[in-house]
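What follows is a set of notes on a single structure, which appears directly below.
The values are calculated or read from the model by the stated rules, or taken from the named source; none is laboratory data. All values reported here derive from a predicted model rather than from experimental measurement. FYI the Cβ positions are ideal-geometry reconstructions off the backbone, even for glycines, and counts take in every protein chain you see.
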Amino acid sequence: MIWDRRRRFDDVKPTVPPVNSFADVLEGAPVMALLIDAGRGVIDANDAARTFFEIDHERLPASLVEVTLEARLVDVLAAAETDAETHLVHHRRIVRCKLVPGPRPGQTLMFLADVTELRRLATVRQEFVANLVHELKTPLTSLRLAAESLLGDPAPKDRLRFAERVVKEADLLTKIIDNLRQLGDIEAKSMALEATQFDLGELVRESVVRIGIDRPVNTDIPASLTITTDRPKLVQALDNLLDNAAKFSPPGTPIDVHAEIAGDEVRVSVRDRGPGISPEHWSRVFERFYKVDRARPREAGGFGLGLAITKHLVQLLGGRIWTETARDGGQVFTIALPRNS
C-alpha cells in the first residue's frame, strides 16, 4: 500500500501555468527589449523599452522607426550583427545592441543597454591619464635637464640657478601629488566634516590678507552674515577662487566678492576682470587638468587642479558651484551652501 501510494503520488504531474516568454519573462528585465518581426515591425516591448522610447503599447505592432524614432536601429537590424554599438540621434544616447532569435521563426529579439555614462567615464579617464602624463612630463623634463647641467660642474652662479630650478620643479611635482591625493580623499568621502558657525565677511577678509592678492578686492557682504559649515574647507575653496581670479585678471584690475542669502542658501561669488570663458567650457573647467587656454604658461595659469578641488570641496559641504560670464565682462564663480548644515 505504501508503494502504491508513492507511485500514485509520483505519477501526479504538477500543473504549470502557461508562460508568455516575452511579456512574462522580459517585462521586468533591467535592459530594454524589443520583439521585432521579419518586416522590421515591433511586435512587443518590455517596460524598460516602453519607458525609454515612450512607446504606447496600444499602438503595437508598428514599424521600428515609428516606434523608436531611431533609423540607426534599423541599420543595426539590417547588418545582423549579434553585438553592436550605436549612437541614437533623437535620444542622444549611446546604446549597446544585442540581437538574438525570437520565439518564432523570422522574429528577432533586440536587447539594448544604455552605455552613455560608461563611455563618458571612459573618455574622462583617458583624458585624465593623458593630461596627467602631460603635466608630469614637463617638470620631470626640466628637472632632468637641471640635474644633467649640475653634473657638468657649471660655474658657481649657474650651479645655484640650476639647483633652484631643481627645487622649484620638485616642489611643483609635490604639489600635483598632494592635490591628487586630496581629490582622492574627497571623492572617497574619507574627509571628516567639522561644522562650526562663523562670520562670512571675516573669513573673506582673512583669505584676502593671507593670499596676498596684489590688486584691489571689493567686498559686498552683509554685516554679521553667519554660516554653519566646515570652516577650513570653505576657506580652501574660497582661496582657490580668489587665487584663480587673480591669475586670470589683467594687472591692477579689481576682484569682486559678493555674498547674499538666497532662500536656505548662502551664496558667495568671486568675479574677475579677465577675458571670460566661453559657455561651452563652463561645466568642464571643474574637471581635473582641464584648461581653457592650453597655451597659457603653467606659472600664469596653474596646472588645472584648483577648480576641481574647489568643486569637490563644495559638494562635500553639501553645496553646489557654477560659473557664468558677468554682464559687463569678466567671469563669475559662485558657491552656494546650505546656511545651516
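Quick one: V285 ticks every box in (1) among the β-branched types (V, I, T); (2) more than 23 Å from Q315 (Cβ to Cβ); (3) buried (at least 18 other Cβ atoms within 10 Å of the Cβ) except a single one, so which number is it?
(2)
Matching residues to (1) under 30 Å from I176 (Cβ atoms); (2) among the charged types (D, E, K, R); (3) not assigned by TED's automatic domain parsing to the domain that holds F286:
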position: N46; (1), (2), (3): no, no, yes
position: S63; (1), (2), (3): no, no, yes
position: V67; (1), (2), (3): no, no, yes
position: A79; (1), (2), (3): no, no, yes
position: R92; (1), (2), (3): no, yes, yes
position: G102; (1), (2), (3): no, no, yes
position: V133; (1), (2), (3): yes, no, yes
position: P139; (1), (2), (3): yes, no, yes
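Name the single residue, out of those in the range 183-200 being within 17 Å of the chain's Cα centre (by Cα) and either in a helix (DSSP H, G or I) or within 30 Å of P222 (Cβ to Cβ) (or both), that is modelled with the lowest pLDDT.
Ranking the qualifying residues of the range 183-200, first place goes to E187.
Looking only at the range 177-184, decide whether some residue is surrounded by 11 or more Cβ atoms within 10 Å (Cβ to Cβ), under 21 Å from Y290 (Cβ atoms) and touching a strand residue (DSSP E or B) at 6+ places or on another chain (Cβ under 8 Å).
No: the range 177-184 contains no residue that is surrounded by 11 or more Cβ atoms within 10 Å (Cβ to Cβ), under 21 Å from Y290 (Cβ atoms) and touching a strand residue (DSSP E or B) at 6+ places or on another chain (Cβ under 8 Å).
Quick one: what pairs do we get from the range 277-291, first residue hydroxyl-bearing (S, T, Y), second in a loop (DSSP other than H, G, I, E, B), C-beta under 8 Å, 6+ apart or different chains?
Cβ pairs passing all conditions: S278/V292; Y290/G304.
Can you pull out every residue in the range 122-156 that is over 30 Å from V285 (Cβ atoms) and assigned to a helix (DSSP H, G or I)?
R144, L145, A146, A147, E148, S149, L150, L151, P156
Any residue at all in the range 90-104 that's within 30 Å of G304 (Cα to Cα) and either out of contact with any Asp or Glu (no Cβ under 7 Å at 6 or more places or on another chain) or outside any strand (DSSP E or B) (or both)?
Yes - at least one qualifying residue is present in the range 90-104.
What is the one condition in (1) over 19 Å from V314 (Cα atoms); (2) surrounded by 13 or more Cβ atoms within 10 Å (Cβ to Cβ) that N240 does not satisfy?
(1)
Would you check if there is a residue in the range 252-271 being modelled with pLDDT under 90, assigned to a loop (DSSP other than H, G, I, E, B) and closer than 18 Å to P216 by Cα?
Scanning the range 252-271 turns up at least one residue that is modelled with pLDDT under 90, assigned to a loop (DSSP other than H, G, I, E, B) and closer than 18 Å to P216 by Cα.
Can you pull out the residues in the range 217-237 that are surrounded by 17 or more Cβ atoms within 10 Å (Cβ to Cβ) and of a type in the set (D, E)?
Result: D230, single match.
Find the residue count for the range 285-341, including only residues that are at pLDDT below 75 and among the hydrophobic types (A, V, I, L, M, F, W, C).
Qualifying residue count for the region: 4.
Those residues that are touching a helix residue (DSSP H, G or I) at 6+ places or on another chain (Cβ under 9 Å) and of a type in the set (A, V, I, L, M), I need them from the range 229-250; list them, please.
Within the range 229-250, L234, V235, A237, L238, L241, L242, A246 qualify.
Quick one: how many residues across the range 106-162 are within 30 Å of N46 (Cα to Cα), surrounded by 13 or more Cβ atoms within 10 Å (Cβ to Cβ) and in contact (Cβ under 8 Å) with a residue 60 or more places away in the chain?
8
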